[in-house]
1. With n ≥ 4 as the cut-off for DSSP H runs, can you work out [θ] at 222 nm for the chain, using -39500 (n - 2.57) per run divided by the number of residues, rounded to the nearest 500?
2. Put +1 on the Cβ of each Lys and Arg and -1 on the Cβ of each Asp and Glu in the chain; which of Asn70, Gln31, Ile48 then has its Cα farthest toward the positive end of the dipole?
3. Keeping to pairs on different chains or 8 or more places apart, tell me how many lysine pairs in the chain have Cα atoms under 18 Å apart.
4. With the cut-off at 13 Å, report for the chain the share of all Cα pairs above it, as a whole percent.
5. If you put +1 on each Lys and Arg Cβ and -1 on each Asp and Glu Cβ, how big is the dipole of the stretch 2-71 around its Cα centre, in Debye rounded to 20?
Amino acid sequence: MLLSIRMIIKESLVAYATRDRKQWVLEWPGQVVICASQVYWTKEVEEIILNNALPEFLLKSNEQIKDTVNLV
């Protein structure tokens, strides 16, 4: 079971990079969406901090949250 969950999360991470986020959210189970979103959020935050671009990232993050709420 653990291996199958790991495989699904891996597949969702690949799909995240190639699809529109709203479409991607609808294609995967909720807990997979939460897990993969946190992986990408952490990666992006590291890059944003290094580039001193937090205000822009805040706008993007707020927009993604709003879009996800509207889907539900």
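Where a number appears in this text, it was derived from the coordinates with a stated rule and is not lab data. Predicted, not measured: the structure shown is a model, and the values here were computed from it. Counting neighbours? That spans all protein chains shown, and the Cβs are built from the backbone with ideal geometry, glycine included.
1. Mean residue ellipticity at 222 nm (helix-derived): -29000 deg cm²/dmol.
2. Looking along the dipole axis, the top candidate is Gln31.
3. 4
4. That fraction is 69 percent.
5. So the magnitude is around 200 debye.
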